[in-house]
Every structure is written in C-alpha cells, then in structure tokens.
Amino acid sequence: MLHKKCLILGASRGLGLALKSKLVKVPLISVSRTGESDIKIDLSKERAVDDVLSLVIKEEIEVVYYVAGGGPHGDFFSKPWHSHEWAFKLNAMTPLGIIEKIPKKVEFVYLGSAIAERSESKDSLSYSWSKKLVKKAVLSSSNKNLLIFSPPYMDTGLLPKGAWPRLECPNLVLKADVVADALLSWMETRGPDERCFDWIKRFDYDLPKGFEL
Ligand SMILES: NC(=O)c1ccc[n+]([C@@H]2O[C@H](COP(=O)([O-])OP(=O)(O)OC[C@H]3O[C@@H](n4cnc5c(N)ncnc54)[C@H](OP(=O)(O)O)[C@@H]3O)[C@@H](O)[C@H]2O)c1
C-alpha cells in the first residue's frame, strides 16, 4: 500500500502536512492554496474538480486523500453567505464532483469528522451537513474504492484556540501525527469491504458527560 502514488489535497498544514511527512518515501503530489505544496489549487473553485481529475489521470495517481476542509462557526444567519458557499464547495461539491468522475481503480479517501457526522449543533451547519452528505454519498456508492476516514477533534489550526474541547477535555484533542499514523495503518490493513473508519466507534472514544452527540 505505502508504495502507491498519492495525491494529498490540503497538504500545507494540519493533518495533510502530517500525512505528507509520513509518506516521504512514496511518490506523492501535494496540493493546497499556500505553503510548500507541489501544486496550488483552490479546492473551493468550480474548476478544481477538472484540475484534480486531470492531475489524477496525467500523473497516474493511485490514492487520493481529500484532506482539505473547514467552514464558519456560529449561528448560521450571523455568518456571511459566501462563507457557507465556501464551506459547501470545499467540503461537499468539490469532493462529490471528483468522486463522480474519478477512475474506479483509484482509491479516494475523504476526511470526514466523527463529531460533525453525529452532531446536531447549530454552530457549524454548513460544515457538518457537508460532512454528513459526503459520508452518505460515499457509503451509498457501489465503488469499493471510495473510503471515508473520520477522526474526532485534532490539535490543528482548524480547531480554534478557545474551542471547548481544548478547554474542557484537552486529552480528547488528538495530535495530527497520531491521526495520520492511524489513517495510514488503516489503509494498509483494512479489508476489501471496509470503507469507513469512525474513530469514536473504533476506539470507544469517550466524550465528557453532558456533551450530546
Ligand atoms: N481539526 C479537527 O478538529 C478536525 C476534526 C475532525 C475532522 N477534521 C477534518 O480533517 C481534515 C483536515 O483538517 P485539519 O484540522 O488538518 O485542517 P487545517 O489544519 O485547517 O488544514 C487544512 C488544509 O486544507 C487546505 N485547504 C483549506 N482550504 C483549501 C482550499 N480552498 N483549497 C485547497 N486547500 C485548502 C489548507 O491549505 P491552504 O490554506 O494552504 O490552502 C491546509 O493544508 C478536514 O477535512 C477537517 O474537516 C478536522
């Protein structure tokens, strides 16, 4: 597995960068908007789907990690519409557009969120529902190379400094390094029908009492 040619979408920071650092011996192309990635693509733009698909075909990519993600936090209507549009495009429209046309032999791994997929919180509606949508779509497909890996909280720039998990349960906020190891280990050992890795189910992850998932 770890010799397959990879494309990491969202590789300049956080989990994507951790993943990249563990795949140094693997042929790999990294993508982001900023930082030291090989290619700059803004995955929230409409042409990103075609750009990524061309790259996959031209470079004979065997595994795509769709790691980029994000969205506004707070009451839905207090946030500008363009921030929701951005979140829908980055977390749902672009990955779904890629999934629709990607060659079936290519493994496509979407980074879900074990919290957002369960959460009824109104503070991240565009992000959470995009994550839920892509998970449902991936699992409804008969293409066994569409995979979803859903970690819980991670200690990256995506989780704001004052976010409650950092304050209330810092032990539940995982290092990106640890999550990257788990992802790569799953990719090596998963069975052919195993398409979904949910950190909360897998590790009996124990959120504090009072936090309703
Ligand atoms: N952090 C958490 O608590 C947490 C929990 C569960 C799941 N997740 C999921 O795990 C994944 C990785 O999250 P993270 O915490 O590592 O995030 P992060 O630290 O904010 O890094 C996000 C990466 O995505 C890239 N990116 C963002 N917008 C992009 C765009 N429009 N076009 C291209 N690249 C873009 C960023 O690069 P540039 O800014 O340079 O473009 C960066 O490399 C995401 O899908 C996230 O939803 C995160």
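Taken together, the values in this text are just the output of simple stated rules run on the coordinates, not laboratory data. Being a predicted model, the structure only gives us computed values, none of them experimental. Positions of Cβ are backbone-derived with ideal geometry, glycine not excepted, and every protein chain shown enters the neighbour counts.
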>> Pick from 26, 63, 109 the residue whose mean-square fluctuation is largest in a GNM of the chain, springs joining Cα atoms under 10 Å.
In response: 26
> GluC sites (Glu not before Pro), restricted to region 114-213: which are DSSP loop and have at most 16 other Cβ atoms within 10 Å?
Replying inline: 120, 194, 212
>> Once you order the gyration tensor axes a ≥ b ≥ c over the Cα atoms, which shape class does region 6-74 get: rounded for a/c under 1.5, otherwise prolate or oblate by comparing a/b with b/c?
In response: oblate
> If you plug each phi of region 147-153 into the Karplus form 6.51 cos²θ - 1.76 cosθ + 1.60 with θ = phi - 60°, what whole-Hz ³J(HN,Hα) values come out, in order, with x for Gly and Pro?
Replying inline: 10, 9, 10, 10, x, x, 6
> How large is the charge dipole for region 144-188, taken about the Cα centre, if only the Cβ atoms of Lys, Arg (+1) and Asp, Glu (-1) carry charge, to the nearest 20 debye?
Replying inline: 140 debye
>> Using the basic label-point model (7 angstrom from Cα toward the beta carbon), what is the residue 173 to residue 159 distance in nanometres?
In response: 0.6 nm
> How much length is gained if the chain between residue 5 and residue 201 is pulled fully straight, taking 0.36 nm per residue apart and subtracting their Cα-Cα distance, in nm to one decimal?
Replying inline: 67.6 nm
>> If I build a Gaussian network model for the chain, linking alpha-carbon pairs within less than 10 angstrom, which residue out of 147, 111, 174 has the largest mean-square fluctuation?
In response: 174
> Could you name the lysines in cross-link range of residue 25, using Cα to Cα under 29 Å and dropping any fewer than eight places away on the same chain?
Replying inline: 4, 5, 40, 58, 101, 104, 105, 144, 175
> Could you give the angle, 0 to 90 degrees to the nearest 10, between helix 176-189's Cα long axis and the longest principal axis of the Cα atoms of the chain?
Replying inline: 50 degrees
> Counting Lys +1, Arg +1, Asp -1, Glu -1, what net charge surrounds residue 194 among other residues with beta carbon under 13 Å of its beta carbon?
Replying inline: +1
>> To test your reading of the geometry: what angle, between 0 and 90 degrees and rounded to tens, separates the Cα axis of helix 48-58 from the longest principal axis of the chain?
In response: 40 degrees
> Given R₀ = 25 Å, FRET efficiency for residue 144-residue 26 by Cβ-Cβ distance, to 0.05?
Replying inline: 0.70
> At each listed q (0.18, 0.24, 0.25, 0.27 Å⁻¹), what is the log10 of I(q)/I(0) that the Debye formula gives for region 79-157 modelled as equal alpha-carbon point scatterers?
Replying inline: -0.76, -1.18, -1.24, -1.34
> In vacuo Debye scattering of the chain, one point per C-alpha: log10 I(q)/I(0) at q = 0.15 Å⁻¹?
Replying inline: -0.97
>> Which log10 I(q)/I(0) values does region 9-48 give at q = 0.24 Å⁻¹ under the Debye formula, counting every alpha carbon as one identical point scatterer?
In response: -0.74
